[in-house]
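Contents: one structure, followed by commentary.
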Amino acid sequence: MKAYLDNSATTRPGASVAALTRELLESGWYNPSALYKPALEIQKRMDETRQLCLRAAGAEGCRIIFTSGGTESDNLALIGHMRTRRGRGEVLISSVEHPAVSACAEELERMGHKVRQIPAKKDGTVDLKQLEEMIGPETAMISIMQVNNETGAVEPLEKIAEMRNRICPEAAIHVDGVQGFLRTPLRFRSLGIQSYALSAHKIHGLKGTGALILAGVHPVKPLAFGGGQEGNLRSGTENTLGILALGEAVRSWQEEDAERIMKLKLRLWEALKAQIPEASVNGPDPAEGAPHILNVALEPVRSQTMLFALEGDGVYVSAGSACASRKQKISPVLKAMGVNPARADCSLRFSLSRETTEEEIGYAAERAAFHYNMLKKYTRR
């Protein structure tokens with residue numbers, strides 16, 4: 001048996017997405033910028049996908065730019081907006097952000113802006129008290145993820161937006177919603193944020209496709225130049241295959257999917273805790289975090305050792321962000337949360353999707369317990 005529990009890294013394309021992909025490869029490959037009927041039909045379907053994504057994010061009436069994925073969307077949101085400023089400004093980025101956001105700091109500093117990290121609490125969310133002390137008249141932008149990709153911590157976006165409105169209403173708020181879109185509720189317009197990034201392959205779409213939602217006339221300058229597609233913000237012939245597949249992934253999502261995933265996650269934690277009493281959670285209480293992510297410390301067994309042992313049984317999990325998995329270093333997210341290095345080095349991320357089954361949950365917990373009880377005997381203390 002196999003148990004794929006690394007859905008925060010990527011999800012398997014849904015059945016309807018796979019069927020649509022085959023159809024488009026055969027008959028839907030036209031350039032949407034052309035003026036003949038088949039191309040205009042593709043353009044129409046792209047516009048339908050825009051509206052689907054906007055409605056799903058509570059962003060009706062806003063703009064949406066299709067990109068190559070979450071990383072490009074985040075870069076366009078941060079660097080693209082700060083390029084519109086005449087003078088220098090300060091950008092506040094949470095200390096637990098994905099590299100798609102945190103790695104923008106160096107470029108922003110080269111542009112002359114000041115970048116500061118917002119400290120995190122032990123549960124993985126930003127420290128609101130310290131954030132309030134950091135915000136001031138010089139604050140130009142705040143970047144906070146919706147859901148942490150390693151711990152599943154859900155950020156208090158409403159409180160952050162209220163704080164911004166009260167102290168520095170001119171500052172823009174960008175939200176990396178790659179791990180939150182569809183799985184955690186969001187009302188873009190009523191929240192009052194300026195930009196929101198999402199990725200298709202995290203919700204059973206295809207890799208290489210994402211989007212950036214923009215509020216009203218929120219200013220952004222392009223990162224690349226060319227034919228002027230996507231409102232002159234993302235030139236290049238559109239990835240119609242990926243865009244329409246994104247639309248199908250959104251269309252096929254059911255409201256009850258998140259609730260079902262949460263039940264499976266809680267069942268997984270109960271099974272792990274029952275069979276491995278030493279197990280503990282990194283981040284929020286499992287019932288309070290996002291429905292699909294569970295980060296567990298299995299001291300004293302190192303995560304890399306457990307990963308290889310579980311892989312041998314067909315159980316696929318991770319030790320953190322897939323973008324940093326080959327760098328073999330302690331997770332910056334867990335470090336920012338104050339998790340000690342020894343514990344962080346023994347932590348695994350289990351991430352579920354709507355395709356996860358109860359059988360996978362039971363099998364993964366049983367194999368994890370088997371390997372843990374064997375390996376801990378040979379671990380130096």
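Taking the range 332-350 on its own, how many of its residues are in contact with a Leu (Cβ under 6 Å, 6 or more places away or on another chain) and not in a helix (DSSP H, G or I)?
2
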Filter the range 228-257 for residues that are touching a Gly at 6+ places or on another chain (Cβ under 7 Å) and in a loop (DSSP other than H, G, I, E, B); the one that is nearest to ARG83 (Cα to Cα) is SER235
Could we say that ALA344 is closer than 22 Å to PRO99 by Cβ and among the aliphatic types (A, V, I, L, M) here? yes
Scanning the range 189-211 for residues that are assigned to a helix (DSSP H, G or I) and under 25 Å from ALA18 (Cβ atoms) gives ALA200, HIS201, LYS202
Over the range 240-293, the set of residues open to solvent by less than 10 Å² (accessible area, probe 1.4 Å) and under 15 Å from GLY362 (Cα atoms) is ILE261, LEU264, LYS265, LEU268, LEU272, ILE276
Quick count over the range 68-77, residues being farther than 17 Å from GLN194 by Cα and open to solvent by less than 30 Å² (accessible area, probe 1.4 Å), is 1
*asked:* Given the condition over 24 Å from the mean Cα position of the chain (by Cα) and under 30 Å from GLU359 (Cα atoms), answer yes or no: does some residue in the range 36-43 qualify?
replied: no
Within the range 347-381, of all residues that are open to solvent by 40 Å² or more (accessible area, probe 1.4 Å) and among the aromatic types (Phe, Trp, Tyr), the one nearest to GLU97 (Cα to Cα) is TYR363
Within the range 10-66, residues open to solvent by less than 50 Å² (accessible area, probe 1.4 Å), touching a helix residue (DSSP H, G or I) at 6+ places or on another chain (Cβ under 7 Å) and part of a loop (DSSP other than H, G, I, E, B) come out as THR10, THR11, GLY14, GLY28, PRO32, ALA57, GLY58, ALA59, CYS62
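The values are calculated or read from the model by the stated rules, or taken from the named source; none is laboratory data. Just so it is clear, the structure is predicted and the values come from calculations on it, not from any experiment. Because the Cβ atoms are built from the backbone with ideal geometry, glycine has one as well, and the counts that use them run over all protein chains shown. To get the accessible areas, we keep the full protein, side chains included, count just its heavy atoms, and leave off ligands, DNA and RNA. Shrake-Rupley method; radii C 1.70, N 1.55, O 1.52, S 1.80 Å.
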